[in-house]
Amino acid sequence: MIPIDNAFEQINQNIKALPTSKRPILECLDLTLAEDQNSPIDLPPFPQSAVDGYAVTHADLTAQPLTVEGEIPAGGMNAAPEHKPKTAVRIFTGGFVPLGADTVIRQEYTALDDGKLSTTEDVAKGADFRQQGEEIQQGALLAKAGSKLTPGLIGSLSNSGIAELMVHQQPRVRVLITGNEVIPPGNKLKPGQVYDANGATCLNFFKTQGIQDLSVQWVKDDADTVKAAMQKALDECDLLVTTGGVSVGDYDYIPSSCDALGAETIFHKVAQKPGMPLLFAIHKTNGADKAILGLPGNPAAVAVNLNLYAQRILDLFAGSQTPGPLWQAALLADDIRADSRRDRWVRMHQQVADNGQISLSRLRHQASHMLTNMNEANALIRVKAGQDLRAGDIVAWCPAS
């Protein structure tokens with residue numbers, strides 16, 4: 001049995017970033033940048049009007065009314081327009097402010113009489129005038145390598161004219177749910193059977209991470225069946241997650257199947273609660289290292305350890321230099337007893353007070369077979385063995401889903 005920090009470090013040492021490739025930007029949602037991305041242009045790329053109105057030189061407003069000459073709609077043009085002194089140019093939102101103009105007067109602040117323009121409100125110099133490069137300048141960093149490509153980030157990169165991105169390959173994930181006693185919801189329970197929560201938990205955890213090449217299979221507790229299912233999954237995936245069958249019972253076939261398939265077990269059993277029997281192994285398949293994460297069968301242990309160890313593996317696959325879990329500080333609202341031998345992972349509810357202070361409240365039903373508090377659990381804390389925590393302590397927490 002190894003300490004938690006050793007388990008994290010062993011994962012760091014054995015998981016490498018997945019290969020990279022260049023992809024069209026519109027196909028990169030939920031992928032991760034493999035290199036820093038700089039802006040190829042200024043933003044805005046030219047002096048731009050923020051409103052519908054009139055472009056002027058502010059100093060000319062002392063000579064009102066101004067003659068209105070020409071019109072500039074938004075859109076492409078053959079050359080940058082130039083501004084004539086003592087005139088105003090009709091311009092529309094997004095239009096190229098002519099060179100020499102320095103202010104845009106909103107149309108609602110103007111009066112027009114026979115082609116002559118006067119202002120009806122005081123207008124400051126530079127009003128509604130977007131300077132070229134005021135948001136970001138050519139060559140400036142837009143996003144760092146390791147950034148997850150969210151809709152907002154993709155929009156930002158597209159706004160700079162970027163059409164392709166170098167990204168890490170997305171991992172292929174297979175999940176095997178073992179246990180003769182578990183059956184998928186929708187079936188009628190027989191005596192001794194329970195409904196499976198682990199398939200739904202695993203499937204949706206990985207979906208929230210953007211994983212697309214993903215499947216879940218239910219496997220009976222039979223040595224040959226488990227081994228065959230693991231071999232097939234390893235042929236198809238980068239990460240194999242199993243639930244159940246990972247301890248030392250007569251029907252726990254995951255460790256022996258790893259051995260039979262030639263996988264190298266990096267660690268088996270971690271000094272933590274829940275999830276002590278956790279297994280991590282590497283299998284070389286067709287020259288590639290495939291990760292195996294064997295989770296205990298209890299559903300809370302599955303949920304907790306996905307947020308900790310599976311998250312770390314996914315982050316490392318994506319080339320992250322700071323793989324999860326990522327820790328933040330908060331005020332503890334309740335006393336929490338430590339276990340005498342193992343570190344505890346405790347499910348908490350995180351909330352923000354009116355003054356901005358983050359506080360964490362302990363949830364009921366913390367046993368590893370209990371899952372009903374997961375509708376409120378949005379944080380995990382680590383309670384080190386033998387070190388009770390008191391209400392009012394500042395503690396580290398990580399997000400949980």
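Only the coordinates and a few stated rules stand behind these numbers; no lab work does. Everything quoted here is computed from the prediction, not taken from an experiment. Note that each Cβ is placed from the backbone with ideal geometry, even for glycine, and that neighbours are counted across all protein chains shown.
Could you list Tyr251, Tyr195 in order of exposure, starting from the residue whose Cβ has the fewest other Cβ atoms within 10 Å?
By the 10 Å Cβ count, ascending, the order reads Tyr195, Tyr251.
Candidate cross-link partners of Lys125 among the lysines, defined by an alpha-carbon separation under 29 Å and a same-chain spacing of 8 or more, comprise Lys84, Lys86, Lys116.
Expressed as a whole number of Å, what is the distance separating the alpha-carbon centroids of the stretch 117-153 and the stretch 1-73? Each part's Cα centre sits 10 Å from the other's. Put a dot 7 Å past the Cα of Lys22, heading toward its Cβ, do the same for Thr120, and the two dots end up 5.4 nm apart.
How big is the charge dipole of the chain about its Cα centre, in debye rounded to the nearest 20, if each Lys and Arg gets +1 on its Cβ and each Asp and Glu gets -1 on its Cβ?
So the dipole magnitude of the chain works out to roughly 1440 debye.
Expressed to the nearest 5 percent, the antiparallel share of DSSP beta bridges inside the chain is 65 percent.
Computed extension gain for Gln10 through Glu264, at 0.36 nm per residue and net of the alpha carbon distance, reaches 90.2 nm.
Legend: residue pairs Lys190/Lys232; Lys16/Lys207; Lys207/Lys284; Lys148/Lys232; Lys188/Lys220, Cα-Cα distance threshold 19 Å; pairs beyond threshold, Lys190/Lys232; Lys16/Lys207; Lys207/Lys284; Lys148/Lys232.
Between His283, His369, His83, the residue with the greatest mean-square fluctuation in the GNM of the chain (Cα pairs under 10 Å linked by springs) is His83. Close amide H partners of Ala271, meaning residues 5 or more places away or on another chain with modelled amide H under 5 Å apart, are Ile2, Ile4.
The distance linking the stretch 303-380 with the stretch 234-260 is 26 Å (Cα centroid to Cα centroid, whole angstrom). Computed from phi, the 3J(HN,Hα) profile of the stretch 133-146 under the Karplus parametrisation 6.51, -1.76, 1.60 (θ = phi - 60°) reads x, 5, 7, 7, 9, 3, x, 6, 5, 9, 7, 8, 4, x Hz, with x in place of Gly and Pro.
What's the angle, to the nearest 10 degrees (0 to 90), between helix 198-208's Cα axis and the longest principal axis of the chain? Between the helix axis and the principal axis of the chain, the angle is about 20 degrees. For the chain, modelled as a GNM whose springs connect Cα atoms under 10 angstrom apart, the maximal fluctuation among Pro323, Pro277, Pro44 occurs at Pro44. Just check the stretch 328-399 against the gyration tensor rule for me: Cα atoms, a ≥ b ≥ c as the square roots of the eigenvalues, rounded for a/c under 1.5, and otherwise prolate or oblate depending on whether a/b exceeds b/c. Because a/c hits 1.5 or more and a/b fails to exceed b/c, the stretch 328-399 counts as oblate. Projecting the Cα atoms of Thr225, Leu295, Ile25 onto the charge dipole of the chain (Cβ charges, centred on the Cα centre) puts Thr225 farthest toward the positive pole. If eta is 0.890 mPa s and T is 25 °C, what Stokes-Einstein diffusion coefficient results for the chain, Kirkwood Rh from Cα pairs, in µm²/s? For the chosen part, D equals 97 µm²/s.
Going from the fewest other Cβ atoms within 10 Å to the most, the residues Cys398, Cys237, Cys202 appear in the order Cys398, Cys237, Cys202.
Full extension of the chain between Gln137 and Lys220 gives 23.9 nm of extra length, using 0.36 nm per residue less the Cα-Cα distance. Of the residues Thr150, Thr32, Thr110, the one that moves most in a GNM of the chain with alpha-carbon contacts below 10 Å is Thr110. In terms of its Cα atoms, the stretch 48-130 spans 31, 20, 19 Å along the principal axes, sorted from long to short. Among Leu261, Leu26, a tally of other beta-carbon atoms within 10 Å of each Cβ gives an order, fewest to most, of Leu26, Leu261.
Compared with the dominant Cα axis of the chain, that is its longest principal axis, helix 223-236 is turned about 20°. Put a dot 7 Å past the Cα of Val352, heading toward its Cβ, do the same for Leu189, and the two dots end up 4.0 nm apart.
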